[in-house]
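Reviewing the structure listed below.
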Amino acid sequence: MDNYINNIVLASPKQLLERFQQSKTDYDTEFHIIVADRYNNRYSGFFIKYDPEIKMVLLTDKEREISFIDTDSIVNISIYDFAKHERFLLGQEPIKLVSPFKADDIETSVTLIKSALNNTHGLDFNFTIDDVSAENTDKIKAILEVLGDTLMAVANDDFSKEYISQITDFYIKNEPRDGVRFKKTNSTILVRFNFEGELPAELQTKIENGINNVF
């Protein structure tokens, strides 16, 4: 632990914000941070973006509260979960894990998910997706990748697999509301998301919680 602490790369708040932005842009890294300013205000949330020209940083707290912070006033930044961000704190590039369900198009991503679940766990699901415009394809593929990873993890647990095996259909529905929402209707799980909106912070956590909470 001492060696780890001694090897952390020190940076000013401005340099940290620049690194947050670069890591989020290049690797889609999610940072849950606390920002303190010289006026004794504290802001907790997920880093969204930093604009050095207007000297503002944007945080969101689970989509309920948005904070716009003047970066000239920042005196301290704390990062949650140092183990998760070990490589970042040591000044190294993060390792980006690639989902086995990453594909060039939505249809292929769905085919990979169905095949993996069927071949590995004997599960057979139908996937229905509302019409997707070309500019929103990447967002839907991102949701499918995380959904596929989550379903595989759930199926690896015998107790959870018993519940998930009751499902026959997943319906990714375009709904003009913030966030990703889950609802179980008979043997169908609705995954409701605004296709025109931005992907929420901590997408993986939200999908994992959504699947777990519908049972």
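So if I check each of I129, I77, I140, which one is under 30 Å from V9 (Cα atoms) and modelled with pLDDT of 90 or more?
Criteria check complete, one pass: I77.
Out of everything in region 4-23 that is part of a helix (DSSP H, G or I) and loosely packed, with under 13 Cβ neighbours inside 10 Å, what residue ends up being modelled with the lowest pLDDT? Going through the qualifying residues, I end up with Y4.
Screening D158, D138, D169 for residues that are out of contact with any helix residue (DSSP H, G or I) (no Cβ under 6 Å at 6 or more places or on another chain) and within 26 Å of T29 (Cα to Cα) leaves exactly one candidate, D138.
The number of residues in region 24-51 being within 12 Å of N76 (Cα to Cα) and at pLDDT below 90 comes to 0.
Criterion applied to N119, N136, N186 was being touching an Asp or Glu at 6+ places or on another chain (Cβ under 8 Å) and either open to solvent by 40 Å² or more (accessible area, probe 1.4 Å) or under 20 Å from Q204 (Cβ atoms) (or both), and the one residue passing it is N136. For the subset of region 61-85 comprising residues that are among the hydroxyl-bearing types (S, T, Y) and open to solvent by 20 Å² or more (accessible area, probe 1.4 Å), which member is nearest to the chain's Cα centre (by Cα)? Only one residue fits best here, namely Y80.
Entry remark, region 80-125: residues being closer than 30 Å to P13 by Cα and in a helix (DSSP H, G or I) number 4 in total. Only one of the listed residues (D104, D149, D158, D130) is more than 26 Å from P176 (Cβ to Cβ) and touching a residue at least 12 places away in the same chain (Cβ under 8 Å). That residue is D149. Kindly indicate the residue of region 24-44 that is within 24 Å of the chain's Cα centre (by Cα), in a strand (DSSP E or B) and in contact (Cβ under 8 Å) with a residue 24 or more places away in the chain and also surrounded by the fewest Cβ atoms within 10 Å (Cβ to Cβ) among those meeting that condition. Among residues in region 24-44 that are within 24 Å of the chain's Cα centre (by Cα), in a strand (DSSP E or B) and in contact (Cβ under 8 Å) with a residue 24 or more places away in the chain, the one surrounded by the fewest Cβ atoms within 10 Å (Cβ to Cβ) is I34.
For region 103-114, indicate whether the set of residues that are surrounded by 13 or more Cβ atoms within 10 Å (Cβ to Cβ) and modelled with pLDDT under 95 is non-empty. The answer is yes; a qualifying residue exists.
Number of residues in region 144-168 that are more than 12 Å from I113 (Cα to Cα) and surrounded by 17 or more Cβ atoms within 10 Å (Cβ to Cβ) equals 4. Taken as a whole, the condition of being surrounded by 14 or more Cβ atoms within 10 Å (Cβ to Cβ), touching a residue at least 24 places away in the same chain (Cβ under 8 Å) and touching an Asp or Glu at 6+ places or on another chain (Cβ under 7 Å) applies to K173.
The values are calculated or read from the model by the stated rules, or taken from the named source; none is laboratory data. Since the model is a prediction, treat every value here as computed from it, not as a measurement. Cβ atoms come from the backbone with ideal geometry, glycine included; neighbour counts cover every protein chain shown. In case anyone asks, the SASA skips ligands and DNA or RNA and just uses the protein heavy atoms, side chains included. Shrake-Rupley method; radii C 1.70, N 1.55, O 1.52, S 1.80 Å.
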